[in-house]
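Structure record follows, encoded as structure tokens.
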Amino acid sequence: MGKMEVERKTTGWAARDPSGLLSPYTYTLRETGPEDVHIRIICCGICHTDLHQTKNDLGMSNYPMVPGHEVVGEVVEVGSGVSKFTVGDIVGVGCLVGCCGGCSPCEKDLEQYCPKKIWSYNDVYIDGQPTQGGFAKATVVHQKFVVKIPEGMAVEQAAPLLCAGVTVYSPLSHFGLKKPGLRGGILGLGGVGHMGVKIAKAMGHHVTVISSSNKKREEALQDLGADDYVIGSDQSKMKELADSMDYIIDTVPVHHALEPYLSLLRLDGKLILMGVINNPLQFLSPMVMIGRKVITGSFIGSMKETEEMLEFCKEKGLSSIIEIVKMDYVNTAFERLEKNDVRYRFVVDVQGSKFEA
């Protein structure tokens, strides 16, 4: 998957160094291969991972880098072997554009755990050519890594679901937490966290938002429909909630203590880590031994789970809370994201943007 054919040009906005500053960049785009889908990009969400990658926070960035992995667009061309899509379809592309197809995860349709997975950007195709993301006019992607956006779902609403939505949906599904009546906690109310509240509520759960301040209390309870809201430093309230939750989805992307949240879990409760953190997290072993609690992680979701999640969101009428911006605002958007100044996901109107400096 991901073989480069004849090169052609497109334009995106790229970071050139760890400053993370993006500016227009023209680069090669491969010709549509037999199983490829050529997509004219309409919009693209901004994820906290984009910030990590453009600033080389994980020490693995390659430049120039066009970020963006919550991509929605229109199919303008399909390869001769493409059976799932036709010209004019509205489709989405998430975090991955390739995998080996033969390892154990791939055979189980869990390609996000393939050791040879190919990222949507900041990676290379099998022939060594770089991948570039959705802050661009167009992309060419193997059909396996493209999903149809359900009819009637607004494109700008669909974009954050391709990462934030499936990142929450996947562990709830995998760990058997889709059944109604459960009590869950959402730690951190950003792009992923706000979708966590919405999806968990749609599954029939009692949902408590755990935050560092009161700043988002009203939005969590009134706009997102959370049942309760607690500040992690409020020892009295945290003690009141001890041993009450079946799971906590931890979306915090910076170093933080785990013990306060482990105390909230009941017997066999699960703390599911989702934030990308480059410093070791610590906990005292009795915190998990007493209560047979589980600290685990989950990574985005499979293509099958993405399709399931989109249909679930359509059925339940779920949408993201977004702020739409143009491409020339993207650097400001990244600055605001770093300060947690967004409710709750930026989406770039790629189609309506100018690409010159």
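The values are calculated or read from the model by the stated rules, or taken from the named source; none is laboratory data. Just so it is clear, the model here is predicted, and its values are computed rather than measured. Glycine also receives a Cβ, built like all others from the backbone with ideal geometry; neighbour counts cover every protein chain displayed. Only protein heavy atoms, including side chains, enter the accessible area calculation; ligands, DNA and RNA are left aside. Shrake-Rupley method; radii C 1.70, N 1.55, O 1.52, S 1.80 Å.
What net charge do the residues around Ala159 carry, taking every other residue with its C-beta under 13 Å from that of Ala159, with Lys and Arg at +1 and Asp and Glu at -1?
Values: positive: Arg345; negative: Asp50, Glu70, Glu156, Glu323, Asp349.
Residues near Ala159 contribute -4 overall.
Could you order peptides 225-236, 206-217, 46-57 by the average number of other Cβ atoms within 10 Å of their residues, highest first? Mind dumping the intermediate values first?
On the way: 225-236: 15.5, 206-217: 18.8, 46-57: 22.7.
Per-residue Cβ counts within 10 Å, averaged per peptide and sorted highest first, yield 46-57, 206-217, 225-236.
Kindly rank 66-77, 344-355, 294-305, 159-170 from highest to lowest mean number of other beta carbons found within 10 Å of each residue.
Details: 66-77: 25.0, 344-355: 20.1, 294-305: 17.8, 159-170: 28.8.
So the order, starting with the most tightly packed, is 159-170, 66-77, 344-355, 294-305.
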Give the shape of segment 6-92 as rounded, prolate or oblate, defined through the alpha-carbon gyration tensor: a ≥ b ≥ c are the square roots of its eigenvalues, a/c under 1.5 means rounded, and otherwise the shape is prolate if a/b is larger than b/c and oblate if not.
prolate
Roughly to the nearest percent, how much of the accessible area of segment 200-321 is carbon and sulfur, given a 1.4 Å probe?
51 percent
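Rounded, prolate or oblate: which one fits segment 42-189, using the alpha carbon gyration tensor with axes a ≥ b ≥ c (rounded when a/c is under 1.5, else prolate when a/b beats b/c, else oblate)?
Working: a/c = 1.34, a/b = 1.18, b/c = 1.13.
It is rounded, given that a/c, with a ≥ b ≥ c, falls under 1.5.
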Could you work out how far helix 191-202 tilts from the main Cα principal axis of the chain, as a 0 to 90 degree angle to the nearest 10?
70 degrees
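Please compute the contact order of the chain in relative form: average sequence separation of alpha-carbon pairs under 8 Å and at least six residues apart, divided by the residue count, as a percent. Kindly include the intermediate steps, with their values, before the conclusion.
Numbers: 847 pairs, mean separation 64.9, N = 357.
For the chain, the relative contact order is 18 percent.
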For the full complex of protein chains and a 1.4 angstrom probe, list Met245, Met289 by accessible area with the highest value first.
Met289, Met245
Quick one: net charge of Thr332's neighbours, Cβ under 12 Å, K/R +1, D/E -1?
-2
Accessible-area value, Lys148, 1.4 Å probe, nucleic acids and ligands omitted, Å²:
110 Å²
Solvent-accessible area, 1.4 Å probe, carbon plus sulfur percent, for segment 1-142:
53 percent
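For Tyr25, what charge total do you get from the other residues with a beta carbon under 13 Å from its beta carbon, if Lys and Arg give +1 and Asp and Glu give -1? Display every interim value, and only then the final one.
Details: positive: Lys9, Arg16, Lys137; negative: Asp17, Glu356.
Result for the neighbourhood of Tyr25: +1.
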For Asp268, put the label point 7 Å out on the Cα→Cβ axis and report which residues of segment 230-249 keep their amide N under 17 Å from it.
243-248
With R₀ set to 41 angstrom, the calculated FRET efficiency between the beta-carbons of Ala154 and Cys103, to the nearest 0.05, is 0.70
The chain, accessible area per residue, ligands and nucleic acids excluded (1.4 Å, Å²)
42 Å²
If I fit a long axis through the Cα atoms of helix 164-174 and take the longest principal axis of the Cα atoms of the chain, what angle between them do I get, 0 to 90°, rounded to 10?
60 degrees
Those aspartates and glutamates that a straight Cα-Cα span of less than 17 Å connects to Lys339, excepting residues fewer than 8 apart in one chain:
Asp50, Asp57, Glu323
Which shape class applies to segment 238-331: rounded if a/c is under 1.5, otherwise prolate when a/b exceeds b/c and oblate if not, where a ≥ b ≥ c are the square roots of the Cα gyration tensor eigenvalues?
prolate
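With an 8 Å cut-off on Cα pairs and a minimum separation of 6 or more residues, tell me the relative contact order of segment 1-93 in percent.
Working: 182 pairs, mean separation 27.1, N = 93.
Once divided by the residue count of segment 1-93, the mean separation gives 29 percent.
With both bridge residues required to lie in the chain, what share of the DSSP beta bridges run antiparallel, to the nearest 5%? All intermediate terms of the calculation are to be shown ahead of the outcome.
Working: 35 of 61 bridges.
Counting only bridges with both partners in the chain, antiparallel ones make up about 55 percent.
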Using 1/(1 + (r/R0)^6) with R0 = 41 angstrom and r between the beta carbons of Asp223 and Val87, what's the FRET efficiency to the nearest 0.05?
0.60
Against the longest principal axis of the chain, how steep is helix 303-316, in degrees 0 to 90 to the nearest 10, with axes from Cα atoms?
70 degrees
